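The values are calculated or read from the model by the stated rules, or taken from the named source; none is laboratory data. Please read these numbers as outputs of a predicted model, since none were measured by experiment. All Cβ positions, even for glycine, are placed from backbone atoms using ideal geometry, and neighbour counts span all protein chains on display. Areas reflect the complete protein model, heavy atoms only, side chains present, ligands, DNA and RNA absent. Shrake-Rupley method; radii C 1.70, N 1.55, O 1.52, S 1.80 Å.
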Amino acid sequence: MAYANGNQGVFIPYHQLVDLRSLNQPHVTFVPGPPIGLINPRNDPVVPPQFVPIGVTFDRSFHELLIRMEEEKSRSLLQFMAGEGLVPSPEEEIKRKNAIEKLKQIVMEWIKRVACNRGLDERRIPAASAAVLTYGSYGLGVHNSESDIDALCVGPRFATMGEDFFVVLHNMLTSRPEVSEVHCVKDAKVPLMRFKLDGISIDLPYAQLKVMSVPENVDILNLYYLRNIDETSWRSLSGVHANKWILRLIPNTKVFQSLLRCIKLWAKRRGVYGNVRAYSLLLGFFGGVHLAILGAFICQRYPNARLSGLISSFFGTFASWDWPKPIILQDGTLPTSGSAAEPWSLMPIRLPCRPHEYCHSNITKSTFYKIRVEFLRGHTLTQDLLRPVFDWGCLFEPFPYAKKYTRFVKICLSASDQDELGEWVGWVKSRFRSLLVKLEEIQGFCDPNPTEYVDVNVAEPNTVFYWGLQPGRSHFLDIKPVKDDFVKSLSNGPTGKITLSIVQASQLPKNAQFDSESNKLEP
């Protein structure tokens, strides 16, 4: 990736320097320039992607050649993404839009019923209104055919969460034939209902505004609607706020969406994406909002760069980032300096919606280490400036768990039926960080593969996790004390069965690929 200045001098990231004389280009003219000195005096093994003049100039034809190469690499990346099915088909888009429209109709019926139950004046009941706002990957326009929909129910002051949302709306949803698998998650940081509507999974938290009616197209960034709302409602609103601010601050929405699709695919394939649910960040990896802010940060830094250049800058920037220095989007109003609101966070990323509010993170020493290793790997693969053809498949290769680790902690969660299993798995995952920290204390490192598997050899509905253990520490064989300690943290919640065991790589199911494409384990 190269950038030209007004005098036709070209600035190249110095980690991508090449001996241009070896190119034997007759139109390359060497001119005296400043010496290249050491600009990483800390002997950090990570080379920061700074741009420095190298004392050479190129004529216009060579500059145009570099641009064409960058364009070609960007086109090949877009083709790769299309081949991976990252963009839903028109039929799938229509299905999602119809599901959202149905949900909006149900919510409007609900709010009028609540208004009637609350004894509102008959003249006010027809005007009673609530809104459904989408956010997350769907709200940002980066969802795929398998993505869930994050939607927020926004109600007026007379509609309470405890009685009206979790009871009245819950009963209305369960009575609908197109709605299935309705679960209430009341004890989370962001309480919500989770269900399927026409087969599409939807997470629906609730926010209560101090107004008598919420218009369907409510501007949630308008301070008028945010007056005196409670903290739970504010947390429920944070996802919508973050989405709207990100889309407002990025220079090019289409380029940002393409970049974010690539980043999410990379994070899933390399095992550093722990899907954000209302329970919390499940396993201590990035969630969708973290990756969206990181992608927006790069788009702000390089507003005119093409897609392949942004990918290179993404890995180069974060491979050398001085963590725990926080990532903060430039919005023109909020201060861009200051300490993180969560001083314990290893990778603080600030939400672009309120000063000093940061993305919730369960990142531990192990997950921090793995994320940095993957940034470095991505940087190494994408830093070659003058390679005209790049195999994007190598960047998105699934992480080779079965080759990387010789031993695993097997976590098997089971229940009598699928509905109970969903609640049980969610409850256990919300406490996974304490299990991971305990394993770190014993092993020094543990890689919690975020992929969920199904063991077909277990009769009951089940979900299985395999966490890689640090190679070279084979003395850890008795996991019973760890299990006993972890089970204590699972009291006062849904019930189910949990088994923890140590398995060798040779004991893994023969066809377990350990990637995002395979989640059923067979003998």
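Among the residues making up segment 486-507, those that are in contact (Cβ under 8 Å) with a residue 12 or more places away in the chain and open to solvent by 80 Å² or more (accessible area, probe 1.4 Å) are THR495, LYS497.
Within segment 447-475, the residues that satisfy the criterion of being among the hydrophobic types (A, V, I, L, M, F, W, C) and either open to solvent by 10 Å² or more (accessible area, probe 1.4 Å) or out of contact with any strand residue (DSSP E or B) (no Cβ under 8 Å at 6 or more places or on another chain) (or both) are VAL454, VAL456, VAL458, ALA459. The set of residues in segment 120-137 that are open to solvent by 40 Å² or more (accessible area, probe 1.4 Å) and not basic (Lys, Arg) comprises ASP121, GLU122, PRO126, ALA127, THR134. In this structure, is LEU223 open to solvent by 10 Å² or more (accessible area, probe 1.4 Å), out of contact with any helix residue (DSSP H, G or I) (no Cβ under 9 Å at 6 or more places or on another chain) and aliphatic (A, V, I, L, M)? Here the answer is yes, as LEU223 does meet what is asked. Out of the residues in segment 166-207 meeting the condition of being free of Cβ contacts under 8 Å to residues at least 24 places away in the same chain and open to solvent by 60 Å² or more (accessible area, probe 1.4 Å), tell me which one is nearest to ASP148 (Cα to Cα). Result: LYS196. Looking across segment 369-402, the residues that are loosely packed, with under 14 Cβ neighbours inside 10 Å and either modelled with pLDDT under 90 or more than 27 Å from MET347 (Cβ to Cβ) (or both) come down to ASP384, LEU386, ARG387, PRO388, VAL389, ASP391, GLY393. Taken over segment 69-127, the criterion of being touching a Phe, Trp or Tyr at 6+ places or on another chain (Cβ under 8 Å) and among the acidic types (Asp, Glu) is satisfied by GLU84 alone. Among residues of segment 447-464 that are assigned by the TED database to the domain that holds LEU436, those with a beta-carbon under 6 Å from a residue that is surrounded by fewer than 17 Cβ atoms within 10 Å (Cβ to Cβ) and polar (S, T, N, Q) at least six positions away or on a different chain give the pairs TYR453/ASN519; PRO461/GLN418.
Screening the candidates LEU265, LEU249 for the property of being surrounded by fewer than 24 Cβ atoms within 10 Å (Cβ to Cβ) and touching a helix residue (DSSP H, G or I) at 6+ places or on another chain (Cβ under 7 Å) yields one hit, LEU249.
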